[in-house]
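Asker: I'd like to ask some things about the structure below.
The values are calculated or read from the model by the stated rules, or taken from the named source; none is laboratory data. Since the model is a prediction, treat every value here as computed from it, not as a measurement. Here the Cβ positions follow ideal geometry from the backbone for every residue, glycine too, while neighbour counts run over all protein chains shown. Just so you know, the surface numbers come from the protein's heavy atoms only, side chains and all, with ligands and any DNA or RNA stripped out. Shrake-Rupley method; radii C 1.70, N 1.55, O 1.52, S 1.80 Å.
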Amino acid sequence: MYFPVSRLRRTRQNEKLRKMVRETYLQVDKFISPLFVVEGNKIKKEITTLPGQYHFSLDMLVREVEDLKKIGIPAVLLFGIPDKKDEIGSGAYDNKGIVQEAVRLIKKKVPEMMVITDVCLCEYTSHGHCGLIKSQATSHKSQVYEVDNDASLELIAKTALSHAEAGADMVAPSDMMDGRIGAIRSTLDDSGLSNIPIMSYSVKYASAFYGPFREAAGSTPQFGDRRSYQMDSSNAQEALREVMQDLDEGADIIMVKPALSYLDIVKKVKSDFDVPVAAYNVSGEYAMVKAAAMKGWIDEKSITLEILTSIRRAGADIIITYHAKDAAKWLKEEA
Ligand code: PBG
């Protein structure tokens with residue numbers, strides 16, 4: 001007869017013991033809730049591809065932010081969906097743009113809420129790309145186009161500046177142009193905004209998991225795809241170079257996105273650099289859970305908490321998730 005030397009089950013006998021040896025905890029202080037803001041009035045319209053998430057007009061947005069504050073969510077990440085788009089994404093850096101107005105309003109009505117803004121052109125460009133398009137005239141026919149890195153930098157920096165000037169507490173560039181962190185940092189510093197942190201979407205993969213978001217934001221590229229600027233999902237080494245570059249240029253928080261299929265990257269970034277790491281539990285990851293839950297195939301609460309815990313266990317300090325509000329409620333119930 002063989003008897004085990006180590007009885008690991010000893011510390012699993014009851015909940016008191018299990019809690020005592022528990023290594024990872026979820027805390028509401030670590031959640032960021034993404035929010036979509038649209039133009040108009042009295043709009044709170046559920047997003048088909050993201051059940052439980054909404055398009056909010058400014059008035060309704062404030063109510064939602066108040067609710068989030070009440071359950072302890074410390075921060076929101078704003079995405080703007082303008083009525084009008086153009087080739088150069090003017091709405092992104094318009095001082096009276098939808099996000100700029102949303103920031104001003106939230107900071108006025110719910111000043112305790114930390115407001116983070118997604119800095120990108122894709123929701124504002126008619127072509128749906130995250131930067132400017134070179135030689136656009138021929139691009140639609142021939143499918144030959146280039147997203148112009150250096151020309152886009154100025155507009156990206158201008159967008160970040162307009163958000164910070166409106167009162168944003170932090171900016172989060174998601175465009176994946178090279179050099180954007182440096183461009184934003186120096187632009188903010190030159191304008192006396194050296195205290196505004198940058199949470200960089202440093203490791204952002206070209207991912208099919210963004211599908212539901214693009215439906216929600218109307219930011220699907222009208223031609224081509226994002227693979228010339230977002231990372232190839234096969235690469236891990238390259239992710240570390242992205243992180244190194246962003247840290248050198250002045251990023252304060254490093255984001256990995258998506259989260260679940262890239263937990264190895266979260267872990268590697270955390271262990272190699274030991275800087276604050278955020279993971280973005282993206283729209284496709286959320287939509288899959290919601291769809292299965294709506295079918296009655298899974299238990300939404302336990303699956304969600306297990307998923308979020310796994311992201312923390314991998315090394316993420318911060319989790320950006322559409323589950324934030326529900327998870328905060330569940331954590332409160334259990335406390
Ligand atoms: C904008 C942006 C995207 C997401 C966050 N910022 C879309 C994209 O890159 O196509 C995706 C978020 C999600 O899927 O939840 N560049």
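Asker: Looking at (1) in a helix (DSSP H, G or I); (2) out of contact with any Gly (no Cβ under 6 Å at 6 or more places or on another chain); (3) open to solvent by 10 Å² or more (accessible area, probe 1.4 Å), which is the only condition ILE106 fails?
Answerer: (3) is the only condition that ILE106 fails.
Asker: Do we find a residue being in a strand (DSSP E or B), within 11 Å of the ligand (Cβ to nearest atom) and touching a Cys at 6+ places or on another chain (Cβ under 9 Å) anywhere in the range 220-243?
Answerer: There is no residue in the range 220-243 that is in a strand (DSSP E or B), within 11 Å of the ligand (Cβ to nearest atom) and touching a Cys at 6+ places or on another chain (Cβ under 9 Å).
So that you can scan it fast, the table gives a plain yes or no per residue for (1) surrounded by fewer than 16 Cβ atoms within 10 Å (Cβ to Cβ); (2) of a type outside the set (Asp, Glu); (3) part of a loop (DSSP other than H, G, I, E, B); (4) touching a Phe, Trp or Tyr at 6+ places or on another chain (Cβ under 6 Å):
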residue: GLY128; (1), (2), (3), (4): no, yes, yes, no
residue: SER152; (1), (2), (3), (4): no, yes, no, no
residue: ALA172; (1), (2), (3), (4): no, yes, no, no
residue: SER186; (1), (2), (3), (4): yes, yes, no, no
residue: GLY211; (1), (2), (3), (4): yes, yes, no, no
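Asker: Just checking, does the range 57-64 include any residue being part of a helix (DSSP H, G or I), over 30 Å from GLN222 (Cα atoms) and in contact (Cβ under 8 Å) with a residue 24 or more places away in the chain?
Answerer: Yes, because at least one residue in the range 57-64 is part of a helix (DSSP H, G or I), over 30 Å from GLN222 (Cα atoms) and in contact (Cβ under 8 Å) with a residue 24 or more places away in the chain.
Asker: Let me ask something else. Show the residue pairs that are 6+ apart or on different chains and have beta-carbon atoms under 9 Å apart, the first residue being within the range 164-179 and acidic (Asp, Glu) and more than 16 Å from the ligand (Cβ to nearest atom), the second being open to solvent by 10 Å² or more (accessible area, probe 1.4 Å) and not in a strand (DSSP E or B).
Answerer: Correct list of pairs: GLU165/ASN95; GLU165/SER191; GLU165/LEU193; ASP169/LYS107; ASP169/ILE196; ASP169/PRO197.
Asker: Further, regarding this structure: Can you tell me which of VAL99, VAL65 is of a type outside the set (D, E, K, R), within 19 Å of ILE32 (Cβ to Cβ) and in contact with a Gly (Cβ under 7 Å, 6 or more places away or on another chain)?
Answerer: VAL99
Asker: OK, next. How many residues does the range 155-170 contain that are crowded, with 23+ Cβ neighbours inside 10 Å and not in a helix (DSSP H, G or I)?
Answerer: Selection size over the range 155-170: 1.
Asker: Quickly run through the range 43-56 and pick out the residues that are in a strand (DSSP E or B) and either without any contact (Cβ under 8 Å) to a residue 24 or more places away in the chain or more than 25 Å from GLU333 (Cα to Cα) (or both). Show your work before the answer.
Answerer: To start, the set of residues in the range 43-56 that are in a strand (DSSP E or B) comprises 44-47, 50-56.
Listed by number, the residues that qualify are LYS44, LYS45, GLU46, ILE47, TYR54, HIS55, PHE56.
Asker: Kindly list the number of the only condition in (1) open to solvent by 10 Å² or more (accessible area, probe 1.4 Å); (2) under 23 Å from HIS129 (Cα atoms) that fails for PRO197.
Answerer: Of everything listed in (1) open to solvent by 10 Å² or more (accessible area, probe 1.4 Å); (2) under 23 Å from HIS129 (Cα atoms), PRO197 misses just condition (2).
Asker: Tell me which helices (runs of 4 or more DSSP H) are completely within the range 262-318 and hold 3 or more residues being more than 16 Å from the ligand (Cβ to nearest atom) and touching a helix residue (DSSP H, G or I) at 6+ places or on another chain (Cβ under 8 Å), or say none if there are none.
Answerer: Numbers: elements: 263-273, 283-294, 300-314.
Because the criterion is at least 3 residues that are more than 16 Å from the ligand (Cβ to nearest atom) and touching a helix residue (DSSP H, G or I) at 6+ places or on another chain (Cβ under 8 Å), the helices (runs of 4 or more DSSP H) in the range 262-318 that meet it are 263-273, 300-314.
Asker: Follow-up question, since we're still on this one. Just one of LEU132, LEU161 is farther than 18 Å from ILE253 by Cβ, in contact with a helix residue (DSSP H, G or I) (Cβ under 6 Å, 6 or more places away or on another chain) and within 16 Å of the ligand (Cβ to nearest atom); which is it? Steps first, please.
Answerer: Values: LEU161 fails: within 16 Å of the ligand (Cβ to nearest atom).
Of the residues listed, the single one that is farther than 18 Å from ILE253 by Cβ, in contact with a helix residue (DSSP H, G or I) (Cβ under 6 Å, 6 or more places away or on another chain) and within 16 Å of the ligand (Cβ to nearest atom) is LEU132.
Asker: Is it the case that GLY40 is outside any loop (DSSP other than H, G, I, E, B) and among the small types (Gly, Ala, Ser)?
Answerer: Working: outside any loop (DSSP other than H, G, I, E, B): no; among the small types (Gly, Ala, Ser): yes.
The answer is no for GLY40.
Asker: Further question on the same structure: Evaluate the range 263-272: report whether one residue or more is under 29 Å from PRO82 (Cβ atoms), among the charged types (D, E, K, R) and touching a residue at least 12 places away in the same chain (Cβ under 8 Å).
Answerer: no
Asker: Being part of a strand (DSSP E or B) and surrounded by fewer than 19 Cβ atoms within 10 Å (Cβ to Cβ) is the filter here, so list the residues in the range 65-84 that pass it.
Answerer: First, the residues of the range 65-84 that are part of a strand (DSSP E or B): 75-81.
Residues satisfying the conditions do not exist here.
Asker: Within the range 281-335, can you find the residues that are crowded, with 21+ Cβ neighbours inside 10 Å and free of Cβ contacts under 8 Å to residues at least 40 places away in the same chain?
Answerer: The one that is crowded, with 21+ Cβ neighbours inside 10 Å and free of Cβ contacts under 8 Å to residues at least 40 places away in the same chain: THR304.
Asker: So, one more: Check off (1) crowded, with 23+ Cβ neighbours inside 10 Å; (2) in a loop (DSSP other than H, G, I, E, B); (3) of a type outside the set (Val, Ile, Thr); (4) touching a His at 6+ places or on another chain (Cβ under 8 Å) for ALA251 and give me the number that stays unchecked.
Answerer: Checking ALA251 against (1) crowded, with 23+ Cβ neighbours inside 10 Å; (2) in a loop (DSSP other than H, G, I, E, B); (3) of a type outside the set (Val, Ile, Thr); (4) touching a His at 6+ places or on another chain (Cβ under 8 Å), the one that fails is (4).
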